[in-house]
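Report on one structure; see the data block that follows.
The values are calculated or read from the model by the stated rules, or taken from the named source; none is laboratory data. Small disclaimer: the values here were computed from a predicted structure and weren't measured. Here the Cβ is made from the backbone with ideal geometry for all residues, glycine too, and neighbour counts use every protein chain on show.
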Amino acid sequence: MKLWKKVYLFTLVILTLGVNLGVSGIVYFTYEQMLQSEKERCQAEYVIMQQNVSANIAEMEQSILLNTEYFGRFITAYSSYFEADTMLIGIVGEQIVVGEASGATDQEFSTEDKIAASQDFVLEDLPKEDGIFVEKEDKTTIYIAQVLDEDHENYRIVMRRTLDSFDETWATLQPLYLIGGIILSLGVSLALALAVRLLLKPLDQLEAAAKEVQQENWSARVHIKGDNELAQLGKQFNAMAGSVEENILKLEQQSQQKQELIDNLAHEMNTPITSIGGFADYMRISQLSKEEQEECLDFIIRENHRLKEISSTLLSMAQMEQEEGFFTVFSLKQLCSRIEELYTKQFHEKNIAFDMECKVLEMYGNEVLIESLLRNLITNAGRALSDREQGRIDVAIYKEDESLKMRVSDNGCGIEKEHLEQIFEPFYRVDKARSRENGGSGLGLPFCKKIVESHNGTISVESEPGQGTTFMISFTIS
Amino acid sequence: MAHILVVEDDLAIRELVKRNLQMVGHTCCCVADGKGLTELVDREKFDLIILDVMLPGLSGFELIQELQDIPVIFVTAKGALEDKLKGLALGAEDYIVKPFEVLELIARVGVVLKRYGRNEALVQIEDIEIDLKQHRVTKGGADVNLTPQEFRLLEVLIQNKNLALSRDQLLNLAWDYDYEGETKTVDVHIRKLRQKLGLENYIKTVSKFGYRLELKSGEEYETLEKGVPVYASYLNLRG
């Protein structure tokens, strides 16, 4: 199932990337937003503080001389107004005055002490320039530094706030986001897997069905519900399998028919072969009277004739395989007069009245095969009349409506109803003994039927035992 | 000899089999299908039935079921293994496939008859008595000493009486299959038989072909009490 894995992995990677990027984006955005609001908050406080300090200092300057120490207390006092993690640092010239929010004390600390005490900043770390700075090394710290005002340029106020709670909040949020991201990714991958599997399940069905067909189970089909491409493919597959099944069955049937024909043929030929060889042997090794010898020779000649019939019909049938398709427009009239000539003499000798009437000039078909067709039927008619006194054979060829019709009728012994169905089957004989004596091969009518069918025609027979038989052939003229 | 029924729908084959069987001394009755078979079999006592499988109406395979105690040989064009097996399983003694040689049929008929003890056991030619069961030959009452091979040759000639057999055929029928000698031995043995039994008038040479044992039933001669057919040369008949 490599396809579904590919589809899956591809989609999964994209989705996961997307999800995680999204989550990261949100996380980053949130962070920046939070930081920004902290900054703004500090800034706001700073501004207020700065203005106040500025005002106070201006006030104080009027009254007393401001010095560092005083300034320090001043700063400390301010610090106490802020949150615990805020430190105010005043820088006068080069001296630093630190005010801590956490511990506004009355104690007198020297500046250096104060610096030493609050060791969480280093002088060098203090912003050299004015502005808002964010340090993210250990703890997130905001520094805001600015000159007090234009009148006191040697005073700089630096506000430092360590965002402990911010850091804390963030420390909790971050893993949360991470876990959330992972769970989301897993959830997505699972859901995706299911979705892909479900969608592509029909492919499994198709594969299984195709395998069945390959293993010669021709009736295998798929049942894919829905309307989508896979369902369409399923329908098409079923149609294909149906066609395969039909054709295979047809071929099997044809092959079986051929086999039956061959089997029957072998049987039919074996018998005359046995007889001919047998009688020849018998004559060789026995002392026979002249009369007996003649009897044996009669048998040999008759059986040989039978063999010839079978052989020639077979040849014609084989020829037909080649001729099939060789259609031309030929003169029916000429063909008929030729056939008439052929048969007139022998029928005259047998006292059979023979009449052939052809009203159609031309025909589109295979001349050789049509000739075989007519001759077979006429010969059969002749055989049916072998007992008759006043035998009659009529052949009529004419057009009726949209078809070309041929009729061959005789007033011979006729065929019983129960046999009419089967006379077109190879080797079917109504009366074996008789037809063999008369030289029938059993293949004449099946051959005729084949010829008629290859010309897109139909052949039918009507018969009345003792009265006669009529064969009707009808070709549709295109 | 035996009374054999031939059931075969093809006229030529029927005639062929009948004439050959008659030539070797059997009597035949022929029918073209299985109609009234049971009645016929009850009426006439047959020693053997030769039965075609593909018959109009009931097939040979179906008919054999009603012929339980008479040996049956199937003769047919259906030569597939399954058909043979079926035929034999239904109780037939043998199964011959067309096309076949008539000599083969005769030989197989002989084998089956022997199996059922219905073949010729005793044959008498003038004053020679041949006991095929005991492998004894007497002439004028006295034992004649024949080698096994000579006896075998004599037996083959009797079984195929009136049919000319080529030297090769005699070799095949009377000698073991791995005999690699020439047909000269046939001539030698024939000479011996003629000499020892005085059968010059009966064992005839067929020029350029082989030999034939001519035995025609003599109506003028009575059969012995044992029901043994007596043969006499037609020369003797005239005289």
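Numbers below:
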| read-out | value |
| --- | --- |
| Residue A:303 being in the same structural domain as residue A:468 (by TED's automatic domain parsing) and surrounded by 15 or more Cβ atoms within 10 Å (Cβ to Cβ) | no |
| Which listed residue is outside any helix (DSSP H, G or I) and modelled with pLDDT under 70, from A:128, A:139 | A:128 |
| Single residue of the range B:20-36 satisfying the filter (in a helix (DSSP H, G or I) and surrounded by fewer than 20 Cβ atoms within 10 Å (Cβ to Cβ)) that is nearest to the other protein chains (Cβ to nearest Cβ) | B:23 |
| Matching option when the condition is within 14 Å of another protein chain (Cβ to nearest Cβ), of a type in the set (Val, Ile, Thr), in contact with an Asp or Glu (Cβ under 7 Å, 6 or more places away or on another chain) and under 19 Å from residue B:23 (Cα atoms), among B:102, B:112 | B:102 |
| Enumeration of residues in the range B:54-80 that are within 14 Å of chain A (Cβ to nearest Cβ) and either more than 21 Å from residue A:268 (Cβ to Cβ) or assigned to a helix (DSSP H, G or I) (or both) | B:60 |
| Residue identified as at pLDDT below 85 and not in a strand (DSSP E or B) among A:452, A:430 | A:430 |
| Residue satisfying all of: in the range A:1-15; closer than 17 Å to residue A:207 by Cβ and in a helix (DSSP H, G or I); modelled with the highest pLDDT among these | A:6 |
| Residue that is within 14 Å of chain B (Cβ to nearest Cβ), buried (at least 19 other Cβ atoms within 10 Å of the Cβ), of a type in the set (Phe, Trp, Tyr) and part of a helix (DSSP H, G or I), where the choices are A:347, A:279 | A:279 |
| Boolean, residue A:319 is surrounded by fewer than 18 Cβ atoms within 10 Å (Cβ to Cβ), in a helix (DSSP H, G or I), more than 9 Å from chain B (Cβ to nearest Cβ) and in contact with a Leu (Cβ under 9 Å, 6 or more places away or on another chain) | yes |
| The range A:245-271: number of residues that are among the aliphatic types (A, V, I, L, M), surrounded by 12 or more Cβ atoms within 10 Å (Cβ to Cβ) and at pLDDT below 90 | 4 |
| Residue within the range A:286-299 that is outside the structural domain of residue A:393 (by TED's automatic domain parsing) and of a type in the set (A, V, I, L, M) present | yes |
| All positions within the range B:98-145 that are of a type in the set (Ser, Thr, Tyr) and touching a strand residue (DSSP E or B) at 6+ places or on another chain (Cβ under 7 Å) | B:138 |
| Qualifying residue in the range A:369-387 (condition: among the polar types (S, T, N, Q), free of Cβ contacts under 8 Å to residues at least 12 places away in the same chain and surrounded by fewer than 17 Cβ atoms within 10 Å (Cβ to Cβ)) | no |
| Residue that is at pLDDT below 90 and of a type in the set (Gly, Ala, Ser), where the choices are B:140, B:210 | B:140 |
| From A:248, A:262, residue being within 14 Å of chain B (Cβ to nearest Cβ) and either assigned to a helix (DSSP H, G or I) or of a type in the set (Gly, Ala, Ser) (or both) | A:262 |
| Given (1) within 14 Å of chain A (Cβ to nearest Cβ); (2) surrounded by fewer than 17 Cβ atoms within 10 Å (Cβ to Cβ), number of the condition residue B:140 does not satisfy | (1) |
| Hey, residue A:214 closer than 29 Å to residue B:80 by Cα, loosely packed, with under 11 Cβ neighbours inside 10 Å and either of a type in the set (S, T, N, Q) or in contact with a Pro (Cβ under 8 Å, 6 or more places away or on another chain) (or both) or not | no |
| Subset of the range B:122-140 (residues that are without any contact (Cβ under 8 Å) to a residue 60 or more places away in the chain, farther than 14 Å from residue B:157 by Cα and not charged (D, E, K, R)) | B:134, B:135, B:138, B:140 |
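Here's the yes/no breakdown for (1) in a strand (DSSP E or B); (2) under 22 Å from residue A:461 (Cα atoms); (3) aliphatic (A, V, I, L, M):
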| position | (1), (2), (3) |
| --- | --- |
| A:341 | no, no, no |
| A:363 | yes, no, yes |
| A:378 | no, yes, yes |
| A:394 | yes, yes, no |
